[in-house]
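Participant: Take this structure, written in structure tokens, and hold onto it; I'll ask about it next.
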Amino acid sequence: MTKSILLIGLGRFGRHIATTLNELGHEVMAIDHNEERINDILPYVTSAQIGDSTNEEFLESLGISNYDVCIVAIANDFQSSLETTSLLKEMGAKLVVSRAERDVQAKFLLRNGADEVVYPEKQVAKWAAIRYSADHLLNYIELDDTHSIFEVSPPASWIGKSIGQIDIRKRYNINIMAVKENGKMNMSITPETILTKDVTMLVLGEYKALQKCFHI
């Protein structure tokens, strides 16, 4: 389903959001006070305007309530980010997602209109620390404060055994969601599915259980 998205702030983070939304086929209105950034992003968005997002009249002219999502990706100017977030909510924004660089910023943003907060640097740093500190961990997705999905290689002791024999759910309260081989995902797994040295597994569970099971 195509969504209408207002993106405010076209620094590195905002630009990556814009290009990805374009690839996904969504309609994006991009806003920044910098003309050069606006010109650079034009091929990737539906429309773009130069403007000050802390200016109430300018924001009102955009028809805020018509957007499915408003993303505040302003960097290095927390005051503007906070004011923009607050104004968007006051004008009837359906969903406001704002960027934070520190925990204290997140608290202020959530108190002043943000429905959700993203931490690009913190989230990527955590992912990189977990991903590259374990040789057998290939990918990592955090679902909430306690649950994650890991893509991991089977431990040596599991090779040649079936999922039923390992009984990971009973022993660790972890679910094997799929196995991946040569870049192809197989989600039609059964207790009879045999694990080989050529596959990786997508496993879901509490982070602490995953950490214990796979020695991460």
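Quick note: the coordinates plus some simple rules give every number you see, no bench work behind them. Only a predicted model underlies this, so the values are computations on that prediction, with no experimental measurement involved. For neighbour counting, all protein chains shown are included, and Cβ atoms are generated from backbone atoms with ideal geometry for every residue, glycine included.
Participant: Using 0.36 nm per residue, how much length does the chain from residue 197 to residue 167 gain when fully extended, once their Cα-Cα distance is taken away?
Facilitator: Separation in residues times 0.36 nm, less the Cα-Cα distance, equals 9.0 nm.
Participant: Using the Karplus curve 6.51 cos²θ - 1.76 cosθ + 1.60 with θ = phi - 60°, what ³J(HN,Hα) values do you get for each residue of segment 90-99, in whole Hz, with x for Gly and Pro?
Facilitator: Calculated HN-Hα couplings, in order: 4, 8, x, 4, 6, 8, 10, 10, 10, 7 Hz.
Participant: List the aspartates and glutamates whose Cα sits under 12 Å from the Cα of residue 3, skipping any in the same chain fewer than 8 residues away.
Facilitator: Correct list for residue 3: 27, 68.
Participant: Straight-line reach from residue 107: which lysines have a Cα under 24 Å away, not including same-chain ones fewer than 8 places off?
Facilitator: Cross-link targets: 89, 94, 122, 126.
Participant: While we're looking at this one, here's another question. I need the phi-derived Karplus couplings for segment 13-19: 6.51 cos²θ - 1.76 cosθ + 1.60, θ = phi - 60°, integer Hz, Gly and Pro marked x.
Facilitator: Going residue by residue, I get 5, x, 5, 4, 4, 4, 5 Hz, with x marking Gly and Pro.
Participant: Given just the C-alpha atoms of the chain, how large is their convex hull per residue in cubic angstrom?
Facilitator: 149
Participant: Report the far tail of the P(r) of segment 4-118, meaning the percent of Cα-Cα pairs longer than 19 Å.
Facilitator: So the portion of pairs separated by more than 19 Å is 38 percent.
Participant: Relative to the Cα centre, what is the charge dipole magnitude of the chain, using +1 at the beta carbon of each Lys and Arg, -1 at the beta carbon of each Asp and Glu, and rounding to the nearest 20 debye?
Facilitator: My answer is approximately 1280 debye.
Participant: Order these peptides, 186-197, 43-54, by their mean beta-carbon neighbour count within 10 angstrom, highest first.
Facilitator: Working: 186-197: 12.5, 43-54: 15.9.
Answer by packing, highest mean first, reads 43-54, 186-197.
Participant: Now for a separate question. Taking Rh as the Kirkwood radius computed over C-alpha pairs, what is the Stokes-Einstein D of segment 123-214 at 37 °C in a medium of viscosity 0.692 mPa s, expressed in µm² per second?
Facilitator: 245
Participant: So, in nm, how far is label residue 90 from label residue 184 when the simple model puts each one 7 Å beyond its Cα toward the Cβ?
Facilitator: Output for this residue pair reads 5.8 nm.
Participant: Let me ask you something else. Roughly speaking, what is the stretch gain from residue 4 to residue 77, that is 0.36 nm per residue apart minus the C-alpha to C-alpha distance, in nm to one decimal? If you can, show how the numbers build up before the last one.
Facilitator: Values: separation 73, 0.36 × 73 = 26.28 nm, distance 2.53 nm.
That works out to 23.7 nm of additional length.
Participant: Now, a different point. List the lysines whose Cα lies under 30 Å from the Cα of residue 161, skipping any in the same chain that are fewer than 8 positions away.
Facilitator: Once the sequence-local lysines are set aside, what remains near residue 161 is 170, 180, 184, 197, 208, 212.
Participant: Using a 7 Å offset from the Cα along the Cα-to-Cβ direction at both residue 101 and residue 40, what is the distance between the two label points in nm, to one decimal?
Facilitator: Once both label points are built, they end up 1.7 nm from each other.
Participant: Then there is this: Could you tally the net charge around residue 168, taking each other residue with its Cβ under 14 Å from the Cβ of residue 168, Lys/Arg +1 and Asp/Glu -1?
Facilitator: Result for the neighbourhood of residue 168: +3.
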